[in-house]
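Since the structure comes first, as structure tokens, the remarks are kept for the end.
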Amino acid sequence: HLSIRRQRQMCIRDRFPTDSPSYLIFACCTCHSSSQGEGVMVDHRKYLGQAGEEYACRFIEDNGLEILERNWRDSRRGELDILAREGRTAVVVEVRTRIGTTYGSALESVDTRKVLQLRRLAARWAHQHSSFSKLRIDVIALTVPRGCAEEVREGGRADFDRYPPKIEWVRGIA
């Protein structure tokens, strides 16, 4: 079932292969096994996503970007996770957090449909904030080791200092 779904959706890795000059990938903490990921209850996914966004904000700021806004909504059309500034460029950042890679990596969960939605939302945001000369859409994918899943399930918190996620930052996806 999973392989059929993957064949129908073009993931971001297929659309932007790693040798493409249109983006850079920053990866760290690659020592975690990729065969983990089962068992996180649905109730904890929202919390894990919020913890991932918080971690991504710190990561972005550590890399020189200024956070402008978080969780910008356009009524029912959707939400932009993070809006940041890099010089005169507005940067829209989609954050994906996943435990393990059993059901695909966090980066693979960004398909063509999601990229199109991000482009539409980014255009609406940019229309309201015309002070930027450029607009860029990035994805930060956090793949969390299984030990963190146990912690989230038992204590309701994600300790990314104790269980650092693998970070993939794809710049300029659209």
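The values are calculated or read from the model by the stated rules, or taken from the named source; none is laboratory data. In this text, all values refer to a predicted model and were calculated from it rather than measured experimentally. Counting neighbours? That spans all protein chains shown, and the Cβs are built from the backbone with ideal geometry, glycine included. Just so you know, the surface numbers come from the protein's heavy atoms only, side chains and all, with ligands and any DNA or RNA stripped out. Shrake-Rupley method; radii C 1.70, N 1.55, O 1.52, S 1.80 Å.
Just a few scattered comments:
Matching residues to (1) in a loop (DSSP other than H, G, I, E, B); (2) at pLDDT 95 or above; (3) surrounded by fewer than 21 Cβ atoms within 10 Å (Cβ to Cβ):
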| site | (1), (2), (3) |
| --- | --- |
| 118 | no, yes, no |
| 130 | yes, no, yes |
| 141 | no, yes, no |
| 149 | no, no, no |
| 157 | yes, no, yes |
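- The set of residues in the stretch 54-63 being exposed (fewer than 14 other Cβ atoms within 10 Å of the Cβ) and in contact with a strand residue (DSSP E or B) (Cβ under 7 Å, 6 or more places away or on another chain) consists of 61 alone.
- In the stretch 83-116, the residues that are in a strand (DSSP E or B) and either free of Cβ contacts under 8 Å to residues at least 40 places away in the same chain or in contact with a Gly (Cβ under 8 Å, 6 or more places away or on another chain) (or both): 84, 86, 95, 96, 97, 98, 99
- Residues satisfying the stated conditions in the stretch 80-108, i.e. open to solvent by 40 Å² or more (accessible area, probe 1.4 Å), at pLDDT 95 or above and over 22 Å from residue 146 (Cα atoms): 85, 86
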